[in-house]
Amino acid sequence: MERLSVESIEKGLTTTFMGRRVIYYRSIGSTNDVARELAVRGAPEGTLVIADEQTAGKGRLGRRWLAPPGTSLLISLLFRPHFLAPYKAQRLTMICSLAVVDAISEVTGLLAAIKWPNDIVVQGKKAGGILTELGATGGRLDYAVVGLGLNVNLDFGAVETMGELAATATSLSQELGREVSRLALLWRILENIEGRYQRLGAGELPHGEWASRLVTLHNHVMVDTPQGVVEGWAEGVDADGALILRTNCGECQRVLAGDVTLRKR
Ligand code: BTN
């Protein structure tokens, strides 16, 4: 198994600030929690927290994120996007998910896509997810922590405790039939994020490109939101990442958070 360490990560990194400060753990509760603590204590933008194992990995909507040790990329990146109002923070998640799908195809040749809002999918199955957590005061973003879990070298069918996920989840090695370098992926992800983040800061809007990579659009969908289930035709997304649904009574509804199921008609 390829070993992760501060030295091995720094060795091949070509970025200016993204991932230039690396905090590595063999095992930790949640890299997002560590990154948030560091953010509050003034850590610089671009700080990378990375672990081989999480004992309390967090997913979206209060769920857990599970990954056997050494199989995945489990990373959290600290941003200080003072140019973004908190309600525009999904733009940061958009550029990170675009950076990840690009890195997957650059390093492995696999075609990856995005399932609204933050899932990375390969061959229709979930290969990764992003959890963004914000710190804001007085309507201003102090920091954003973007956490990525990417299933790299893992066979869901072979892991007894994860077998039930095999129907909906996959990994890059499972799709390719060979192992993939986590380091090569990490370097490419960080480089892609840095470039896209600079362009976001310069005023570039990512939602058009993001929409073009979403598997969710132009389908009948059911969205399980914190307010209940909404159903309709996924027409598009707006600049802040909200899903625009045309409901069965012909009205348009803007959905900000939830889990999507594509419905066959
Ligand atoms: C999802 O629910 O799809 C988002 C999963 C995000 C998981 C990553 S793993 C690294 C980082 N630390 C965490 O505790 N969660 C994120």
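Put simply, of R64, R60 the only residue that is touching a strand residue (DSSP E or B) at 6+ places or on another chain (Cβ under 9 Å), within 14 Å of the ligand (Cβ to nearest atom) and open to solvent by less than 50 Å² (accessible area, probe 1.4 Å) is R60. When each of G149, G138, G128 is tested for being more than 16 Å from the chain's Cα centre (by Cα) and of a type in the set (G, A, S), the lone residue that passes is G138.
With the condition kept exactly as written, say whether any residue in segment 63-79 is hydrophobic (A, V, I, L, M, F, W, C), in contact with a helix residue (DSSP H, G or I) (Cβ under 6 Å, 6 or more places away or on another chain) and modelled with pLDDT under 95. No, because not a single residue in segment 63-79 is hydrophobic (A, V, I, L, M, F, W, C), in contact with a helix residue (DSSP H, G or I) (Cβ under 6 Å, 6 or more places away or on another chain) and modelled with pLDDT under 95. Within segment 136-150, take every residue that is in contact (Cβ under 8 Å) with a residue 24 or more places away in the chain and surrounded by fewer than 23 Cβ atoms within 10 Å (Cβ to Cβ) and give me the one that is farthest from the ligand (Cβ to nearest atom). So the residue we want is G139.
Would you point out the residue of segment 113-135, among those that are near the ligand (Cβ under 8 Å from one of its atoms) and of a type outside the set (A, V, I, L, M, F, W, C), that is surrounded by the most Cβ atoms within 10 Å (Cβ to Cβ)? So, considering only residues that are near the ligand (Cβ under 8 Å from one of its atoms) and of a type outside the set (A, V, I, L, M, F, W, C), the one surrounded by the most Cβ atoms within 10 Å (Cβ to Cβ) is G128.
Pairs are defined by a Cβ separation below 7 Å, a sequence spacing of at least 6 or placement on different chains, a first member in segment 72-97 that is in contact (Cβ under 8 Å) with a residue 40 or more places away in the chain and closer than 21 Å to R182 by Cβ, and a second member that is among the charged types (D, E, K, R) and part of a loop (DSSP other than H, G, I, E, B); the pairs so defined are L78/E45. Against the definition (open to solvent by 40 Å² or more (accessible area, probe 1.4 Å), more than 8 Å from the ligand (Cβ to nearest atom) and farther than 15 Å from R182 by Cβ), how does G46 come out, yes or no? So G46 fails the test. Take L205 and decide whether it is touching a residue at least 40 places away in the same chain (Cβ under 8 Å) and open to solvent by less than 20 Å² (accessible area, probe 1.4 Å). Answer is no for this residue.
The values are calculated or read from the model by the stated rules, or taken from the named source; none is laboratory data. Everything quoted here is computed from the prediction, not taken from an experiment. Virtual Cβ from ideal backbone geometry, glycine too; neighbours counted across all protein chains shown. What goes into the accessible areas is simple: the full protein's heavy atoms, side chains included, and nothing from ligands, DNA or RNA. Shrake-Rupley method; radii C 1.70, N 1.55, O 1.52, S 1.80 Å.
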